[in-house]
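Inspection log for the structure reproduced underneath, given as structure tokens.
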Amino acid sequence: MSMRVLSKATPVTRAYIRYATTESATQKAGQAVSNATSAVQSQGLTKTLCSLYKTVTSPLPAKIQAPLNKAVGILQPILYYSEVVYHLGKQVVVRQNFTLPGKADFLAAEAQLFKVLEYVKIKDVKSLKDIPLDKWKSGALKTFELSSIFVIGEMIGRGNVIGYKD
């Protein structure tokens, strides 16, 4: 250390620390909420909500805190994974240059959906029990064909039967 730091010419003074508080619990909670909005951007949403929960529920009695802790214990993984899915989806949208569909896109999809429903519609059938066995078999076969075409297309896209190439 240098001598300047240890010099007695500039005495070290202790900052005044106030230990007593005049703020109520509601004012502290209000400050915590306002701080949480700025903390959401620096931390993840899950961490911010958990710290906000601890701040708000700390003055509550133990009988009330126990069920709340169970509920938060259940919700915490849900919040975390929803945040992960959100950020992953955001990255996919940015990298793939996705855009939001317009009104014309929705109308075209609706028209195409109704065409498909008209083609698939079985006439004079009041319930699923009334569908003959031959129709069930042909529907199952078409479903199997479509799913196998999808799986084969995935394999071709990956360039490998199992997993991706490194």
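Read-outs throughout are calculated quantities, based only on the coordinates presented, and are distinct from any laboratory measurement. Note that the structure is a prediction, hence the values are computed from the model and not measured. Note that we place each Cβ from the backbone using ideal geometry, even for glycine, and neighbour counts take in every protein chain shown.
Observations, loosely collected:
- Loop chymotrypsin sites (Phe, Trp or Tyr not before Pro), region 130-166, which have at most 15 other Cβ atoms in a 10 Å radius of their Cβ (DSSP): Tyr164
- Placing a pseudo-label 7 Å from each Cα along the Cα-to-Cβ vector at Ile152 and Val84 gives an inter-label distance of 3.5 nm.
- For the pair Phe106 and Ser138, the difference between a 0.36 nm per residue extended length and the Cα-Cα distance amounts to 8.4 nm.
- Between Leu75 and Phe98, the simple spin-label model (points 7 angstrom out along Cα→Cβ) gives 2.7 nm.
- Shape category assigned to region 55-141 from the gyration tensor of Cα positions, a/c cut at 1.5: oblate
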